[in-house]
Amino acid sequence: MAAAELAVPALAGSGGAGAGAPSGTVPVLFCFSVFARPSSVPHGAGYELLIQKFLSLYGDQIDMHRKFVVQLFAEEWGQYVDLPKGFAVSERCKVRLVPLQIQLTTLGNLTPSSTVFFCCDMQERFRPAIKYFGDIISVGQRLLQGARMLGIPVIVTEQYPKGLGSTVQEIDLTGVKLVLPKTKFSMVIPEVEAALAEIPGVRSVVLFGVETHVCIQQTALELVGRGIEVHIVADATSSRSMMDRMFALERLARTGIIVTTSEAVLLQLVADKDHPKFKEIQNLIKASAPESGLLSKV
């Protein structure tokens, strides 16, 4: 059933969150474990905004290695029920976040049929400021070549291109699915969400670009919140500061996001020397990718 057909109103009086919420917002009681905190969300907020609110309220207590179910308290049944897909908050309600009992191990398997590449904000105005930007461009171009060889969709964003310029000329955007402007730091904007919904069976996103601690980090966390496995390509990702870059990669790895390299990604996608594109990929990675300062901590 399409999400648009399932905008189920929340049940009035099922919450316990107080009145007096700002205009245009709805009071919601957010429950997690033994805790219950009243807050509010914009009228019409759906699953993703509820998840973001749970993370803002309980982020230090949520184990990102587990999966969760969001449930709504239904007066009709006198108990919590699983939140329907496409749910939209219209009245005061009570919701809870329930961890699944089985802890999940992130395996990090990649297959071309279930993977999308995200190229984030590799723009001209960032060239003088980003550490090892020339190396990052080189590896990013290698990844886009590999995506074309393997038929993997690529989504590219540009942060405020009117002021910050377009994607650098060295990055060949031939055949990419979308090139989108944005002002939000995360790449997860409505047009990107719509594009992902059109691609059947997407399980993994290979993410690279700038800046590691801002747009890359926020994109990765939003995608994980949507149940998508994220692979961040460390040698195709950088920041203005190496400190910001390295601490962001460490933080993301601790949340279960896979921090990897361009060569590992490309070889994992072909998986077998008998793959019809193996020779092409082998030629692409024949020269090792530049280290771009990543080995300074080793």
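Here are some notes:
- Which numbered condition residue 158 misses (of (1) within 23 Å of residue 276 (Cα to Cα); (2) among the charged types (D, E, K, R); (3) within 21 Å of the chain's Cα centre (by Cα)): (1)
- Residue match in segment 264-274 (condition: closer than 22 Å to residue 147 by Cβ, open to solvent by 40 Å² or more (accessible area, probe 1.4 Å), modelled with pLDDT under 95 and in contact with a strand residue (DSSP E or B) (Cβ under 8 Å, 6 or more places away or on another chain)): no
- Whichever residue in segment 276-298 is modelled with pLDDT of 95 or more and of a type outside the set (A, V, I, L, M, F, W, C) and, among such residues, is farthest from residue 246 (Cα to Cα): 276
- Filter pass, residue 179 being on the phi < 0 side of the Ramachandran plot and without any contact (Cβ under 8 Å) to a residue 40 or more places away in the chain: yes
- Flag for residue 226 being open to solvent by 40 Å² or more (accessible area, probe 1.4 Å) and basic (Lys, Arg): yes
- Matching residues in segment 157-168 - criterion: being open to solvent by 60 Å² or more (accessible area, probe 1.4 Å) and part of a helix (DSSP H, G or I): 162
- Residues that are within 26 Å of residue 52 (Cβ to Cβ) and of a type in the set (Lys, Arg) occur at least once in segment 218-232.
- Restricting attention to segment 233-248, the residues that are surrounded by fewer than 21 Cβ atoms within 10 Å (Cβ to Cβ) and under 20 Å from the mean Cα position of the chain (by Cα) add up to 3.
For (1) farther than 30 Å from residue 164 by Cα; (2) β-branched (Val, Ile, Thr), each residue gets a yes or a no:
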{"position": "70", "(1), (2)": "yes, yes"}
{"position": "82", "(1), (2)": "yes, no"}
{"position": "86", "(1), (2)": "yes, no"}
{"position": "98", "(1), (2)": "yes, yes"}
{"position": "120", "(1), (2)": "no, no"}
{"position": "129", "(1), (2)": "no, no"}
{"position": "136", "(1), (2)": "no, yes"}
{"position": "141", "(1), (2)": "no, no"}
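The values are calculated or read from the model by the stated rules, or taken from the named source; none is laboratory data. Quick caveat: nothing in here was measured; it's all calculated off a predicted structure. All Cβ positions, even for glycine, are placed from backbone atoms using ideal geometry, and neighbour counts span all protein chains on display. Ligands, DNA and RNA are stripped out before the accessible areas are found, and what is left, the full protein with its side chains, is counted by its heavy atoms. Shrake-Rupley method; radii C 1.70, N 1.55, O 1.52, S 1.80 Å.
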